[in-house]
Structure formats: structure tokens, C-alpha cells
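Each value in this text was obtained by applying a stated rule to the coordinates, not by laboratory testing. Just so we're clear, the structure is a prediction, and the values are computed from it rather than from any experiment. Positions of Cβ are generated from backbone atoms using ideal geometry, with glycine treated the same way; all protein chains shown enter the neighbour counts.
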Amino acid sequence: MTSGEKNREIRTVHVGAASRAYDVLVGPGALALLGEVTRGVAGEARVCVVSETNVAPLYADRAEASLAEAGLDVAPSIVFPAGEAHKGLGTLGTILEGLAERELTRDDVVVALGGGVTGDMAGLAAALYLRGIRVVQAPTSLLAMVDSSVGGKTAVDIAAGKNLVGAFWQPSAVVADVSCLETVTPELLTDSCGEVVKHAVLEDGALLDELSARPLNAPGAAAGDVARVVARNIEIKRDVVEADERERGLRQTLNLGHTVGHAIEAASDFALGHGTCVAAGLCIVARASESRGWCSGETRARVERCVRAHGLPVTTDLPADVLMGFLAHDKKRHGDGVNLVVPAEIGRAEVRRVSLAEMRGLLGAGLAPAGDAS
Ligand code: GLY
């Protein structure tokens, strides 16, 4: 395939974050451009692919072939066991030792090939190794494409909680090959749609209505449509990250649905997927907001309709007291309150400081039976 042929269906979203500017390439077959892109940002560097045991057998050869074809010096890949259970300090240490064994220098590049766990851990390893070397993110899951590979958040879990140790470390490029979604299970694809719906609620009413009519996880969704929706999600996140890279203000709105969602996730002992919990959290906070007059019934109904269309839950059976127990220990708690993101209308979210006592009342209102989808 010539470079021109490879480029035809690829969209580019430019991210001008305060600490680093970079391009995100999105489209079917984009992985074939990984080498060209990496060479473009790093020159004649040594590169090391970091991946996990589910993704590496599917895509590592293709990624490494592209890197070698571009004239890069490809070190043996580092592959760790798949799964959130391995997203810890032990695996992080193994990756860091692996980079040192492969003699990567400050001029060299880590390529994070995989889903959110890989991107977060390889990104953090790149942030720490030699006090920071470049990372190119090559996300293979929908969640990683629309959310975690863009914006520079990297982290590992510790016993006290998820993502409690991390750094802001922007990638030097992101290559999102939507063809990789063909090997993602339907369950995981559906789970990731929670974050897609969140982005639409935050910024794009037309996209929300399109997704309600034609859900992204519908069988036979056209690759071109998926690539367009992924690129639009990245633009939405890009706009927020450019305005507030360090989450001091606007970036907090990306936590829409997460305050309650994280509590559901933790209460389920992480048996439920992140996006699934965010989807339920979105609807719960929308109903709570309607009950306080912070958003209209129409806004609440549009959120629920889109969540339902993707086969995601609009509520949880977990009691408010159980959720409050987890919520009170959330890492994003501020003093004796939380910064709760609420959908003021489709396309506009607000951050409201609410006390834990108020939050208990809001949960009660949000957990009331789901409204109709009218
Ligand atoms: N996933 C939310 C953020 O990157 O800020």
C-alpha cells in the first residue's frame, strides 16, 4: 500500500495542549502509518512497543513492521499480562526495567499498543523513564481511542484505589486504527459507548441524537461512520484539554457521570465495566438534576434515550447508602463535598460543589425509577 493509499481515509485531529502539541490520526488501516508518524516526531530513534497478552498477538507484528519500514530501530517488545489486575506498580516496574534492558535513551520512543490499561501504564512508564521520554499511543479499544489515549492522563492502580499514582504526560502522537475494533468483543464495545455518549451530552446534541437513532455498537455500523464518530469524540476531548490540561476547571466536566459511576464500579468490585457504570451515572445525575431544576425533563430524557439505545443501564440496583460509602472515599472528593458535574442542557455541563449530605439527597432522587424515554 502506498502512503497516499494509506492516507485516503485517515482523519487528523490536532491537539494543542499547553505542554505538547500533537496529531491524532484516526481511520481504518491507520496502524500502517505508525512508523511514518513515529519517525516524523522522533527522527531515527529506537522504539519499543509495550503491549499486553491479548493485543500483542493480534497487532504487534503489524505495528513493528510499520516502525521498521520507516527506518526506526525496533527493540524487542515488552508484553505484560492482560487485565486491570496487572495495572499496578509491579508491572510498571517490569516495564521500566525492560526499557532500561533495551537501552532506550532520552531520544527514544515508547509505543503503547492496546487499550486503556496499556496506554495508562506505558504512558506512565514513558513519563518516568529517564525523567520522561516520548510516547506514541496506538489505542486498539474504543475507550482508549475516544478517551484515554488523548489528553495525557497516565496512571497505575494501588491498593488504596484505581489510578491513584500517575502523571500528566502528553503523547507525541496518537494513531487510532478503527479496524482494530473488529477484534473487540461486543461487550467491551458496548461498555466503551458510555464515554461516547458522555462526550455527546457534553458538547454535541446532533451527535447525541444521531447516536440515539443509530447506536455506535449496532451490528454492521459502517467503518466510515465509526471513524467519524471517534474523530468527533477526540475533537470534543481536545477542546477541553486545550483549555485546561491539568483539570483545574473545564476538564472536570469530563467527569460527567463519573462521581456516581465510580461508586457503582467500586461497589460492584469492578465486575461492571467503566463505561457501563459511567452510563448509569450519567442517567442518575440527569434525574437528580431534573429533580432540582438544574436541567429540564427533556435533557434528562435525551440522555436516557441514548444510553438505552446502546443497551447500557440507566440506573443501578445498588442502594444509595452503599454508593455513598464508596463516594465518600472517592479520590476526587474535596473536603466534605464533591464537585458534581451536572448536565445543565445538552451541550453544556456545570460543576456544582455539593456537600456529602446534599449528595445523599441527590442520589435518592437520581435512583428513583428511570423516566420514560419520551
Ligand atoms: N478521562 C477524563 C480525562 O481525561 O480528563
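Brief remarks on what is shown
- Backbone N under 14 Å from the Ser19 label point (7 Å along Cα→Cβ), restricted to segment 150-180: 150-156, 165-173
- The chain - share of DSSP beta bridges that are antiparallel (%, nearest 5): 50 percent
- The peptide list 166-178, 102-114, 345-357, put in order of mean Cβ contacts within 10 Å with the highest first, becomes 166-178, 102-114, 345-357.
- Compactness ratio for segment 106-183: Cα radius of gyration over 2.2 N^0.38 Å (N = residue count) comes to 1.05.
- Sites Ala159 and Arg102, calculated FRET efficiency, Cβ-Cβ separation with R0 25 Å, nearest 0.05: 0.25
- Linear extension gain, Phe270 paired with Arg46, 0.36 nm per residue minus alpha-carbon span: 76.9 nm
- Ranked by the mean number of other Cβ atoms within 10 Å of their residues, highest first, the peptides 58-67, 304-313 fall in the order 304-313, 58-67.
- For segment 176-270, with +1 on Lys and Arg beta carbons and -1 on Asp and Glu, the positive-most of Leu216, Val196, Phe270 along the dipole: Val196
- Ordering of 122-129, 252-259, 278-285 by packing is 278-285, 122-129, 252-259, highest average first (other Cβ atoms within 10 Å, averaged per residue).
- Dipole magnitude for segment 63-117: about 240 debye, using +1 per Lys or Arg Cβ and -1 per Asp or Glu Cβ, origin at the Cα centre.
- Electrostatic dipole magnitude of segment 91-132 [Cβ: Lys, Arg +1; Asp, Glu -1; Cα centre; debye, to 20]: 100 debye
- Sites Ala328 and Arg292 - FRET efficiency at Förster radius 22 Å, r taken between beta-carbons, to 0.05: 0.60
- GNM flexibility winner over the chain from Ser77, Ser192, Ser19 (Cα, springs under 10 Å): Ser19
- Legend: calculated FRET efficiency, Ala365 to Glu187, from the Cβ-Cβ distance at R0 = 35 Å, rounded to 0.05, equals 0.70.
- Diffusion coefficient, µm² s⁻¹, Stokes-Einstein with Kirkwood Rh over alpha-carbon pairs of the chain at 37 °C and 0.692 mPa s: 158 µm²/s
- Net charge dipole, the chain: roughly 820 debye, given to the nearest 20, about the Cα centre with Cβ charges of +1 for Lys and Arg and -1 for Asp and Glu.
- Distance between the C-alpha centres of segment 192-235 and segment 31-89: 28 Å, rounded to the whole angstrom.
- Rounded to 5, the percent of DSSP beta bridges in segment 1-137 classed as antiparallel: 30 percent
- Globularity index of segment 138-292, i.e. its alpha-carbon radius of gyration over 2.2 N^0.38 Å: 1.02
- Approximate shape of segment 255-337 as ellipsoid semi-axes (Cα gyration tensor, √5λ), whole Å, largest first: 21, 16, 10
- The helix-only estimate of mean residue ellipticity at 222 nm for the chain, built from DSSP H runs of length n ≥ 4 each weighted as -39500 (n - 2.57), is -13500 deg cm²/dmol after division by the residue total.
- Since only Gln252, Val351, Cys48 are under comparison, the one whose Cα sits farthest along the positive direction of the charge dipole of the chain, derived from C-beta charges on Lys, Arg, Asp and Glu, is Val351.
- Going from the fewest other Cβ atoms within 10 Å to the most, the residues Thr53, Thr91, Thr140 appear in the order Thr53, Thr91, Thr140.
- Going from the residue with the fewest nearby Cβ atoms within 10 Å to the one with the most, Met145, Met121 rank Met121, Met145.
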